[in-house]
Amino acid sequence: MSSPVDDELPRRWCGPALLMAHGSWLGPWVQLRACTAGCRVLEVGFGMAIAASKVQEAPIDEHWIIECNDGVFQRLQDWAPQQPHKVVPLKGLWEEVAPTLPDSHFDGILYDTYPLSEETWHTHQFTFIRNHAFRLLKPGGVLTYCNLTSWGELMKAQYSDITTMFQETQVPALQEAGFLREDIRTEVMALVPPADCRYYTFPQMIIPLVTKH
Ligand SMILES: C[S@@+](CC[C@H](N)C(=O)[O-])C[C@H]1O[C@@H](n2cnc3c(N)ncnc32)[C@H](O)[C@@H]1O
């Protein structure tokens with residue numbers, strides 16, 4: 001099946017990857033149970049392999065990666081055999097692939113994809129989290145995610161405090177998905193957004209660390 005995410009997107013949307021590289025975005029998540037010895041990680045959205053390469057630095061057992069774009073998936077297949085830890089590439093939209101994955105299978109989940117439509121600009125992560133992330137995590141497993149196109153816009157137009165933005169726009173949906181308020185942590189990091197990144201200009205990034213009880 002041809003992917004609705006065209007081959008140009010990874011180049012046009014390089015902002016998130018650059019932000020992650022700059023802000024060491026994954027550090028706090030990698031240090032939690034998400035990526036400790038022997039664990040199994042699910043990553044949604046391979047992109048430029050920046051996050052995936054960081055995951056591979058941790059002493060994980062298995063790294064499952066869902067990617068829908070044909071060209072990006074080819075890069076994932078080329079990258080996989082060169083990694084120190086087992087990679088399981090899964091081709092397709094998460095909307096098709098995630099329902100095939102078993103409950104309580106992952107110690108860590110990292111979700112970083114694009115919105116596929118204007119309507120899901122602010123909400124695509126919640127559909128994944130509500131329908132899949134909670135059930136796919138083992139108890140004690142940790143989810144992190146970002147939706148920088150949404151958060152960048154919210155921080156331009158509606159909020160000046162990134163923690164308030166997260167509390168008001170993200171926490172209610174995480175609780176609806178089944179996570180407990182006391183298990184939802186965040187860390188705020190300073191960053192310098194790339195000058196050519198039009199949708200994210202805020203000089204901070206927020207990192208969700210969401211543990212399943
Ligand atoms: C922002 S990039 C990920 C960047 C990545 N975290 C990195 O460090 O390079 C988003 C990726 O998600 C993929 N993607 C977008 N929507 C998807 C979907 N519904 N299912 C699976 N992959 C998707 C895109 O093709 C793209 O490779």
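Overview of results
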read-out	value
Flag for Met155 being farther than 18 Å from Ile184 by Cα, surrounded by 15 or more Cβ atoms within 10 Å (Cβ to Cβ) and modelled with pLDDT of 95 or more	yes
Which numbered condition Ser150 fails, given (1) open to solvent by less than 30 Å² (accessible area, probe 1.4 Å); (2) in contact with a His (Cβ under 6 Å, 6 or more places away or on another chain); (3) at pLDDT 95 or above; (4) not aromatic (Phe, Trp, Tyr)	(3)
Inter-residue pairs, beta-carbon under 9 Å, first more than 12 Å from Leu110 (Cα to Cα) and assigned to a helix (DSSP H, G or I) and in the stretch 121-149, second of a type in the set (A, V, I, L, M) and open to solvent by 50 Å² or more (accessible area, probe 1.4 Å), 6+ apart	His124/Leu116
Scan of the stretch 32-56 for residues that are more than 16 Å from the ligand (Cβ to nearest atom) and touching a strand residue (DSSP E or B) at 6+ places or on another chain (Cβ under 9 Å), ordered by number	Leu32, Arg33, Thr36, Gly38, Cys39, Arg40
Residue in the stretch 86-100 that is of a type in the set (S, T, N, Q), more than 23 Å from Gln31 (Cα to Cα) and open to solvent by 70 Å² or more (accessible area, probe 1.4 Å) present	yes
Subset of the stretch 36-71 (residues that are closer than 11 Å to Pro84 by Cα, in contact with a Cys (Cβ under 7 Å, 6 or more places away or on another chain) and open to solvent by less than 10 Å² (accessible area, probe 1.4 Å))	Val55, Ala58, Ile60
Residue count, the stretch 163-203 (criterion: of a type in the set (Gly, Ala, Ser), open to solvent by 50 Å² or more (accessible area, probe 1.4 Å) and either assigned to a loop (DSSP other than H, G, I, E, B) or closer than 21 Å to Ile129 by Cβ (or both))	1
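The values are calculated or read from the model by the stated rules, or taken from the named source; none is laboratory data. Being a predicted model, the structure only gives us computed values, none of them experimental. Don't worry about glycine lacking a Cβ; one is built from the backbone with ideal geometry, like all the others, and counts go over all protein chains shown. Keep in mind that these areas ignore ligands, DNA and RNA; they rest on the heavy atoms of the full protein, side chains included. Shrake-Rupley method; radii C 1.70, N 1.55, O 1.52, S 1.80 Å.
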